[in-house]
Amino acid sequence: MNEIKDGTEQPHIRWFRLGPSQELHIIEVDSLNKKIPKGVHIALAVGDFDSFCESIEKQNLNYYDWPGSANQISTRPDKVRQLYFQDLDEYWVEVNDRKQFN
């Protein structure tokens, strides 16, 4: 990712270019009382989902299927397998084995 000018010129805000027309805006805050629903997440596809699952299990990372069962994966109706975990700020991250994007 390349950092781009954020326009706000605030030291706690940084903008990054993700692609030709996508940006990621990161804003640091001192504290936040939040409960983030799983529907609000970033999704990442990996080339070898089984190896990814083995890797996170070796690291004792807690992960969940869509309904919320611990250490389980979900299979969507389109046959894509997925799991979810939370980052250190409690935001949800989906990792899946989707092979192609439209």
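The values are calculated or read from the model by the stated rules, or taken from the named source; none is laboratory data. All figures in this text were calculated on a predicted structure; none of them were measured in a lab. No Cβ is skipped: glycine too gets one built from the backbone with ideal geometry, and neighbour counts run over all protein chains shown. Note: accessible area is taken over every heavy atom of the protein model, side chains too, but ligands, DNA and RNA are not part of it. Shrake-Rupley method; radii C 1.70, N 1.55, O 1.52, S 1.80 Å.
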Any chance P11 is within 15 Å of the chain's Cα centre (by Cα) and at pLDDT below 95: no
Residue match in region 55-63 (condition: open to solvent by 80 Å² or more (accessible area, probe 1.4 Å) and in a helix (DSSP H, G or I)): yes
All positions within region 72-89 that are touching a Leu at 6+ places or on another chain (Cβ under 9 Å) and in a loop (DSSP other than H, G, I, E, B): Q72, I73, D89
Candidate set from region 76-90 (those that are closer than 15 Å to A43 by Cβ and surrounded by fewer than 13 Cβ atoms within 10 Å (Cβ to Cβ)); member that is nearest to the chain's Cα centre (by Cα): D87
Residues located in region 33-48, provided they are open to solvent by 60 Å² or more (accessible area, probe 1.4 Å), part of a loop (DSSP other than H, G, I, E, B) and aliphatic (A, V, I, L, M): V40
